[in-house]
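Asks: Right, I'll just put the structure down here and ask away after.
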Amino acid sequence: MENDGGDDSTLWGATNEKIYIDVMVDLINKGGMKDGQFSSKEWTNMLEALNNKSKRNYNMKQIKQKFNRLRSKHREFSELLQQTRFDWDAETNTMNATEEIWQNYIRVHPKATQFRKKGCEHYKLLRIIFNKSTATGVFHHASTSDPPNTDVEMELEAESAHVSTSRDDPFYTLDKLTSNLKKCTASSSSERRSKKETRSQQMSDAI
């Protein structure tokens, strides 16, 4: 029986991680993901296929935790690709930028450190999986699926709601503050004009 905890690289390793990704992609290509989610039956099928191919004995908790970590990795790298200050070399799977740009980005997105040297392995395959699932969440349930009934599943489902972290980006924050400042300024100016017009009208009525 595999341990529930432990280091991700020790529990999985590059080979078994790739097997798991291939199992999910194969299931998706066969129509196994409906509305961005896997049913309870498909989770069971994936677990069986993974254990048969990897010759390991993973459990349901472990593959769902791994799914969540892969999804987080895909999301982090997708956000990095959206940054115009970085250049992605698809052939070498590396992200190129100056040291200053990297340091500034990692300060806000510390998990992006893993992409400095080697980019995101299997990114194209992860897109097949998570471009379908992130819109609805990891454990978004169909009427025929069992609801989350463990602390782990509830925790992972809560995490799945936070797909976009653009609000943590300092450039997004700066733009947002500037926009709000303009709105406040315009609103204040409008209120002052309204009060001035009211006073003028009152003076005219008095005369």
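Asks: Return the long-range amide H neighbours of Met33 (sequence gap of 5 or more, or a different chain), with a cut-off of under 5 Å between placed amide H atoms.
Replies: Amide H to amide H, under 5 Å and 5 or more residues apart or across chains, Met33 pairs with nothing.
Asks: So if R0 is 22 Å, what FRET efficiency would Ala90 and Lys61 give, r being the distance between their Cβ atoms, rounded to the nearest 0.05?
Replies: The calculated FRET efficiency here is 0.05.
Asks: Here's something else I'd like to know. Please list the non-local residues whose amide H lies under 5 Å from the amide H of Thr94, H modeled 1.01 Å from N, same-chain partners needing a gap of 5 or more.
Replies: Counting only residues 5 or more places away or on other chains, the set is Asp89.
Asks: Using only the C-alpha atoms of the stretch 1-111, find the volume of their convex hull and express it per residue in Å³.
Replies: 144
Quick note: the coordinates plus some simple rules give every number you see, no bench work behind them. Fair warning: this is a prediction, and the values are worked out from it, not measured in the lab. Cβ sites come from the backbone with ideal geometry, for glycine too, and all protein chains shown count toward neighbours.
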